[in-house]
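The values are calculated or read from the model by the stated rules, or taken from the named source; none is laboratory data. Computed from a predicted structure; not experimentally measured. Methodologically, a virtual Cβ is constructed for each residue, glycine included, from the backbone with ideal geometry; neighbour enumeration extends over all protein chains shown. We work out accessible area using only protein heavy atoms, side chains counted, and drop any ligands, DNA or RNA first. Shrake-Rupley method; radii C 1.70, N 1.55, O 1.52, S 1.80 Å.
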Amino acid sequence: MGMPVGYSQFMQCLTLTPKMIIMDLSVLTDTFADTVTDHDGGAGDDVPDLSDSDNEEQWQWMEANDNNVQVTCLFCDKMSNSGPETLQHCLVEHQVDLVEVVKKHKLDDYGYIKMINYIRTEKCSGQSLSTLPECSIPWESDEYMRPALQDDPLLQIDLEELCEGMLVGPSTGGQCEASRSSDVLLQRAQAAEERAQRTEEALARAMDDLHKLKLLAQGLVLNADVGRGTGSLGAVAELREDEDEAYFSSYGHYSIHEEMLKDKVRTESYRDFMYLNPEVFKDKVVLDVGCGTGILSMFAARAGAKMVIGVDQSEIIYQAMDIVRSNQLQDRVTLIKGRIEEVKLPVEKVDIIISEWMGYFLLFESMLDSVLYARDLYLAEGGSVYPDRCTISLAAVGDTEKHQDRIAFWDDVYGFKMACMKRAVVPEAVVQVLKPDTLISEPAVIQGIDCNAVSLSELEFASDFCLKITDSTDCTAIVGYFDIFFDRDCGNKVMFSTGPQVTKTHWKQTVFLLENPIPVQAGEELQGRITIRKNKKDPRSLFITFDLHDMKQTYSLQ
């Protein structure tokens with residue numbers, strides 16, 4: 001993906017030499033705003049290096065152009081070879097003494113710039129400018145900070161030198177006597193030194209501001225998606241198809257569907273929920289979000305649904321169509337390829353939404369966002385989402401062997417110190433099947449989710465937790481898992497767990513290794529706080545932060 005619209009122009013503005021900073025400040029601001037507005041994300045690997053080094057070619061370009069400058073008169077089409085020559089022309093030919101105008105209205109640098117741009121923009125005459133009363137300045141508006149003439153040399157004139165008569169000859173309003181005495185020369189030298197000092201200070205401030213602007217620009221490009229998801233649709237719904245391609249492509253591979261179908265805990269729980277509660281499905285219209293091979297859609301049809309609509313964006317949908325036909329269910333099961341946020345269903349409302357949306361640590365992949373989108377748009381009053389309830393739990397882990405293998409290993413690698421690698425290894429959450437005998441606390445539920453009531457904003461949260469320790473040892477990690485419930489309106493309730501003490505599932509458990517183990521005693525309570533939020537750059541991945549025992553660590557799950 002290439003640079004965003006306006007980016008190259010914006011970068012050119014950022015490399016302007018100090019001499020051009022003031023005259024192009026408004027151009028820089030407008031370009032910056034346009035760049036941020038036009039850029040819609042995905043900068044990624046194409047972000048250029050925002051260097052602070054001097055641009056030697058830019059300086060040479062400036063010097064070359066200084067020697068070949070052509071200046072247009074403010075009041076006619078006369079071209080002069082320099083700014084001072086143009087001002088002298090205005091004085092002689094148009095009877096306008098700009099020095100006196102500046103003094104009369106007590107203009108500072110910005111006022112002078114606005115005046116020049118005003119004259120060029122409004123095409124005012126010399127007479128109207130000279131006769132303006134002191135209290136009336138028509139160029140007050142900041143719109144006149146924008147150069148009316150690109151690279152206008154008159155905007156680069158030093159205002160103090162102009163007012164001291166060092167740029168133009170004697171004026172009709174008041175002549176500047178040119179004394180060549182040593183005292184006058186000394187005064188001029190002192191004034192020049194003061195101007196140079198003030199200019200140097202102003203330049204330092206300007207360059208500092210410019211550097212801050214560079215950093216801000218880089219941050220905006222690198223995090224251009226930060227604002228995504230603040231609307232009602234949510235971050236996942238606002239992803240473009242090309243941005244979400246990798247996610248759906250992964251579900252186009254047969255192996256992942258084989259793994260999920262062979263997960264008996266998962267698949268048989270959905271089957272039992274539907275087959276053991278036919279009254280829930282009888283003559284109902286069912287929507288299957290992310291239908292995959294169509295297994296849940298076919299369960300629903302066999303359970304008595306009169307119509308089932310399966311939606312999936314991945315290529316597996318074409319195999320699902322063949323599977324439905326092979327089982328003579330095409331009269332009740334309709335499959336649609338596309339994202340639920342973009343497709344149009346053949347019905348306005350559905351009675352039930354089923355979906356196997358859960359990811360690692362429950363919320364990874366953010367597919368629940370799509371289910372909630374479908375719920376809010378298509379679910380009829382009195383309808384239900386299944387599963388309807390789920391919880392996330394944590395427990396303490398004491399597994400010195402695993403900690404040694406993953407973390408302490410880096411302290412001494414074949415006689416070399418590689419402890420710096422821990423900073424890269426620790427923040428990666430590990431998905432694995434945990435040995436039940438490594439649990440050293442009772443589990444604690446940190447969050448419950450009602451799929452029929454939860455809002456998108458509630459899927460990012462913080463929660464305090466307290467783990468009651470059962471063994472005196474070192475806590476080397478925190479493990480997370482989830483439980484799923486099919487409860488609402490069900491005569492035969494069904495649930496399953498992905499915890500380490502029950503039959504393993506393809507979700508396994510999510511382990512957050514601690515860089516430094518925490519000594520704990522049986523009977524004590526290990527208190528902490530967990531914060532879960534989406535990665536703004538990739539809303540399908542998660543950042544999980546633990547505040548635990550004077551330690552704060554953020555983990556990524558991606």
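In table form, for the structure just shown:
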item: Dimensions in Å of region 389-557 - Rg and Dmax from alpha carbons; result: 17.0, 63
item: Interchain or long-range residues, amide H under 5 Å from Ser441's placed H; result: Ala396, Thr470
item: Separation between Cα centres of region 330-393 and region 479-558, rounded to whole Å; result: 24
item: For region 516-557, average projected area of the Cα convex hull in nm²; result: 3.6
item: Alpha-carbon radius of gyration plus Dmax, which is the widest Cα pair, for region 300-372 in Å; result: 13.1, 37
item: Charge-dipole axis of region 258-417 as Lys and Arg at +1 and Asp and Glu at -1 on Cβ define it, positive-most pick from Gly310, Ser297, Leu329; result: Leu329
item: Angstrom value of the Kirkwood radius, inverse mean 1/r, which spans all Cα pairs in region 246-386; result: 15.0
item: Net charge dipole size for region 246-386 [Lys, Arg +1 and Asp, Glu -1 on Cβ; Debye, nearest 20]; result: 360
item: Local electrostatic count, Val520, Cβ distance below 12 Å [Lys/Arg +1, Asp/Glu -1]; result: -3
item: log10 of Debye I(q)/I(0), alpha-carbon scatterers only, for region 327-453 at 0.13, 0.14, 0.21 Å⁻¹; result: -0.77, -0.82, -1.27
item: Amide H contacts under 5 Å for Phe461, placed H, 5+ residues apart; result: Ile532
item: Sparse-neighbour loop sites [GluC sites (Glu not before Pro); region 454-558; at most 13 other C-beta within 10 Å; DSSP]; result: Glu524
item: Mean projection area, nm², convex hull over Cα of region 458-558; result: 8.7
item: Average accessible area per residue (Å²) across region 301-445 - probe 1.4 Å, nucleic acids and ligands excluded; result: 46
item: Out-of-range pairs (alpha-carbon distance over 25 Å; input Lys468/Lys508; Lys264/Lys508; Lys504/Lys536; Lys264/Lys349; Lys262/Lys282); result: Lys504/Lys536; Lys264/Lys349; Lys262/Lys282
item: Within the accessible area of region 389-557 (1.4 Å probe), percent carbon and sulfur; result: 48
item: Computed magnitude of the charge dipole of region 430-496 (debye, nearest 20; Cβ of K, R +1, Cβ of D, E -1); result: 160
item: Simple Cβ-charge dipole of region 421-558, Lys/Arg +1 and Asp/Glu -1, about Cα centre, in debye nearest 20; result: 620
item: In Hz, Karplus ³J(HN,Hα) per residue of region 355-365 (6.51, -1.76, 1.60; θ = phi - 60°; x = Gly, Pro); result: 6, 9, 9, 5, x, 3, 6, 6, 9, 4, 6
item: Cα extents of region 71-161 along the three principal axes, largest first (Å); result: 33, 26, 25
